[in-house]
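K.L.:
Okay, handing you the structure first.
The values are calculated or read from the model by the stated rules, or taken from the named source; none is laboratory data. This structure is a prediction, so every number in the text was calculated from the model and none was measured. Don't worry about glycine lacking a Cβ; one is built from the backbone with ideal geometry, like all the others, and counts go over all protein chains shown. Surface areas here come from the heavy atoms of the whole protein model, side chains and all, with no ligands, DNA or RNA. Shrake-Rupley method; radii C 1.70, N 1.55, O 1.52, S 1.80 Å.
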Amino acid sequence: VTKTPSNRTPTRFNDHLTSVSGWTEGNYTDSGVIFGNLVAANGNGVSQEGKDYGTNTTGWHGAAKVKAMPTPIQDFEITTWLTHKASHVNQVGRVEIYLRAVNGKHIGKFAIVDNSTKADTPKFEARAGDWQEGHYFGNHTGPKSNSLANFYGYVKFIRKGNKWTAEIYKQNSKQTYDCIVRKTWTDTAKKFTAQLASVQMHVGAFKSEKVTNRLEISRVMVKEYVELSSSQAPNSIEAGDVLTIDSEAAKVYKNGELFYDGINPSSTFFSLKPGYNGLAVNVANTRIKVNYTERWL
């Protein structure tokens, strides 16, 4: 009670991609050429305009757009909602997010890529640094070869100090998210330490192969990790966050993701008593919705 509540992960960048306003042309992509444009995709984020990716007989090709951070940041967490859905096993494609330094050089990348014409087996890639001298610490399909098939969900990419973390979450039938892959890597040489200054998004086709039917980017959000002083107390909830408290399952979700950090160890998950119950929430300007299941003998 003697400390000032302060957010240790304030949001610095949050674009729901209802348009590409404020985004400019990208500079380069891994082993590819930039072609075409990204446009709003019927409320589903952005995708390649007209599904026209151009041609490139030697590699990847597709649109890329860049948007700058308000100010460069050192320690960050970037979360991006992605769609990678094929309508046939012979389709290939990639959807990628690049992290850029002030000089435009790529300091990291994460992506969902399917480069097989034989099966629907997308893989998740996570890298620190650029494609020529960077370090891949994630290159996985998940528990099964088709774990990321028909994908909609989000990817979380974190750098805190010299530790990198990449996580990919796939939406399930309950519209919550299951973690499919989680990988960490420590940059002991401290080689990839440049500040994050801008974000580049890209969707791509490969050579003349049939392209994945849906490659979409729905939202890009960047949070900064800040150190709190001794007079500050951590507060990790921001306006717009949705908390779901499931007393039956004894779980708490924040924006659909399990939120163990937000649970006080002394908390008790409760059930409702027969008859009338009173519930009080001590937070101003908050919308509350309660769902309950009746019980009987």
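K.L.:
Keeping every protein chain in place, order Ser229, Ser147, Ser266 by accessible area at 1.4 Å, biggest value first, i.e. largest first.
P.N.:
In descending accessible area the options line up as Ser266, Ser229, Ser147.
K.L.:
Sticking with this structure for a sec: Express in nm, to one decimal, how much length is gained between Cys179 and Val242 on full extension, taking 0.36 nm for each residue of separation and deducting their alpha carbon distance.
P.N.:
20.8 nm
K.L.:
By per-residue mean of other Cβ atoms within 10 Å, what is the highest-first order of 258-265, 4-11?
P.N.:
So the order, starting with the most tightly packed, is 4-11, 258-265.
K.L.:
Shifting gears a bit: How would Ile237, Ile288, Ile78 line up by accessible area, probe 1.4 Å, largest first?
P.N.:
Ile288, Ile237, Ile78
K.L.:
In addition: Taking the Cα centre as origin and putting +1 on Lys and Arg beta-carbons and -1 on Asp and Glu beta-carbons, what dipole magnitude results for the chain, to the nearest 20 debye?
P.N.:
300 debye
K.L.:
Can you give me the C-alpha center-to-center distance between region 104-153 and region 239-297, rounded to a whole angstrom?
P.N.:
36 Å
K.L.:
Run the numbers for Thr188 and Ala233: contour at 0.36 nm per residue of separation, minus the present Cα-Cα distance, in nm.
P.N.:
Contour length minus the Cα-Cα distance gives 13.1 nm.
K.L.:
Which entries in the list Lys67/Lys160; Lys170/Lys254; Lys105/Lys170; Lys105/Lys223; Lys85/Lys183 go over 26 Å, if you measure between the two C-alpha atoms of each?
P.N.:
Lys105/Lys170
K.L.:
What does the C-alpha gyration tensor say about the overall shape of region 106-188? Classify as rounded when a/c is under 1.5, otherwise prolate if a/b is larger than b/c, or oblate.
P.N.:
oblate
K.L.:
Percent of accessible area on the chain owned by carbon and sulfur, 1.4 Å probe?
P.N.:
48 percent
K.L.:
Which part of region 23-44 falls in the paramagnetic zone of Thr58, meaning amide N under 19 Å from the point 7 Å along Cα-to-beta-carbon?
P.N.:
27-36
K.L.:
Keeping every protein chain in place, order Glu125, Glu248 by accessible area at 1.4 Å, biggest value first, i.e. largest first.
P.N.:
Glu248, Glu125
K.L.:
Give me the distance in nm between label points sitting 7 Å out from Cα along the Cα-to-Cβ direction at Arg287 and Gln74, one decimal.
P.N.:
Spacing of the two 7 Å Cα→Cβ label points: 3.9 nm.
K.L.:
Next question, about the same structure. Once you charge only the Cβ atoms, +1 for Lys and Arg and -1 for Asp and Glu, what is the size of the charge dipole of region 149-258 about its Cα centre, to the nearest 20 debye?
P.N.:
Charge dipole, region 149-258, about its Cα centre: 500 debye, nearest 20.
K.L.:
With a 1.4 Å probe and every protein chain left in place, work out the accessible area per residue of the chain in Å², rounded to a whole number.
P.N.:
Result: 56 Å² per residue.
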